[in-house]
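Read through the structure below, which is laid out as structure tokens, and then see the notes.
No lab work stands behind these numbers, since they all come straight from the coordinates. All figures in this text were calculated on a predicted structure; none of them were measured in a lab. Cβ placement follows ideal geometry from the backbone for every residue including glycine, while neighbour counts extend to all protein chains displayed.
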Amino acid sequence: MLFRLIVLLFLILLASCKKQLTKTEIDPDSHFKTTYAIRKNDNIYHGPYFKSDSAGVLLERGNYKEGKLHGTREILFPDGKVKIRERYLAGNITDLYEYFFPNGKPELKGYYIDGAMYGPWMKYDDKGNLLELVTMIKNEEMGPFAEYYEDGKIQAQGTYLHGPNEDVILNLFDESGELYKTMLCDSGICVTTWEKK
């Protein structure tokens, strides 16, 4: 109810503004309703937008600038908690991307640069334990990676080349954290070079 009041006040404020109007679109299949701020002189999306379901539950919020997504965009769970938080600059996803479990803990975090995944990406379990750390370059797994047991001990460590293809040295560890196997890999094809007896 509070959200509906806030949206109503927002719409009244926008309607009273001389430079902006609002535009509402309803998807014929899902019946989701999206309300956009648009510029009066050219009808370009410019300002905040909100998407809700047919019951009025807020599903998504964000901002447009000059007709392109700009700033923080959030996709929400039905209870209002953030499910996905991403940032845009002139229509391109950029900066920190976060995907959350319903309990609010992060499930996936990483960075975009000009619309492509770059740098370290981390995957967690719903308790907040790091499960995987992988290096991304232009949306491909490329570089060092590590996988972890729930208690934080290392499970696997190596390097990816052009996707999930292990390359060069791959080390595997048991649940106590002790190295038990070393493999030499070439684009995902691995041969054991050492194994604990």
Note to self: Normalised radius of gyration for region 12-103, please: alpha carbon Rg relative to 2.2 N^0.38 Å, two decimal places.
What the structure shows: 1.14
Margin query: Filter LYS33/LYS68; LYS51/LYS81; LYS138/LYS181 down to the pairs with a C-alpha to C-alpha distance above 24 Å, please.
Written below: LYS138/LYS181
Notebook entry, point to check: Whose amide H sits under 5 Å from the amide H of PHE101, counting only residues 5 or more places off or on another chain, with H placed in the peptide plane?
Noted result: GLU107
Margin query: Place a point 7 Å from the Cα of SER187 along the Cα-to-Cβ direction; which residues of region 149-167 have their backbone N under 11 Å from it?
Written below: 162
Next item on the list: Per DSSP H run of n ≥ 4, the term is -39500 (n - 2.57); total these for the chain, divide by its residue number, and report the mean residue ellipticity at 222 nm rounded to 500 deg cm²/dmol.
Entry: -2500 deg cm²/dmol
Checklist line | Extension reserve of the ARG61-ALA156 stretch, reckoned as 0.36 nm per residue once the Cα distance is removed | finding: 30.3 nm
Check: Across the chain, how large is the tail of the calculated P(r) beyond 27 Å, expressed as a percent of all Cα pairs?
Finding: 48 percent
Check: Viscosity 1.306 mPa s, temperature 10 °C: Stokes-Einstein D of region 115-197 from its Kirkwood Cα radius, in µm² per second?
Finding: 120 µm²/s
